[in-house]
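Working notes for the structure below.
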Amino acid sequence: MRTSFTMHAGAQLALSLAGLLAAVLAAVPFLPPFADEWLLLGIGIALLVPLHLATLARAIAVGLRDMRFASNKANQWRALRALPRRVRAVLVGAGLAGIFLVTGVFWDDSGLQRVESVRGHYSAIDTSDPDRERVPISRSQYEELRKNDQRIAFAAFALFAAGGGGLTLLFGKLDSLADRS
C-alpha cells in the first residue's frame, strides 16, 4: 500500500481517536461538560470533510483503473483480510467503542430532552409523556443532559471518522492488489 493511503487513513483515525476521547470525557460523571462542544465538532468536521472527499476521489480513481477488480466483492474481502491484524483490531475497537458510546447502553435514560436555558431557568421536554410538555429541571440535571448530548455527538463523529479511515485503507489495499494482478 502506498504511504499516502496510510497517512490519509492515519489522519482520519487520529480524528476518530480524538472524538472517542472527547466522548469518554463527556461520559465521566464528575467532569463538567465541554464549554464549546459545537466549536470543537465544527473544527473536527472541517478537518474531516476534505479527508472524506479525498477518500471518495481515491475510490473513484481505483474504480476507474480497473472497475471489475475493484467492484468484485471477493477482491474487497481479500483486501480487507490483507490489512494487518492490528489495523483491523483498531478499526473494530473504534467501531465498537463508538457504538457503545452512541447507544449509551449502561446510561440511565431519564426520558428528558434538554431545551436551551433562558436567564438561568432550565427546562427539558419529557419524551415519555405523550404531550411532550416542558418540565423545569435543576442545573445539575441540565448539565447531565448536556453531557449526554455531547457524548453522543462526539461518538457519532468518531464513528464517521473511523469509517472513512477504514475505507481509505481498503481502497489503498485494493489499489496495491490491482497493481499486482
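The number of residues in region 32-71 being farther than 22 Å from N148 by Cβ and not in a helix (DSSP H, G or I) comes to 1. Within region 30-60, the residues that satisfy the criterion of being open to solvent by less than 50 Å² (accessible area, probe 1.4 Å) and under 19 Å from M7 (Cβ atoms) are G44, L48, L51, H52, A54, T55, A59.
The values are calculated or read from the model by the stated rules, or taken from the named source; none is laboratory data. These numbers come from a predicted model, not from an experiment. Note: ideal-geometry Cβ built from the backbone for every residue, glycine included; neighbour counts use all protein chains shown. SASA here: full protein model, heavy atoms, side chains in, ligands and nucleic acids out. Shrake-Rupley method; radii C 1.70, N 1.55, O 1.52, S 1.80 Å.
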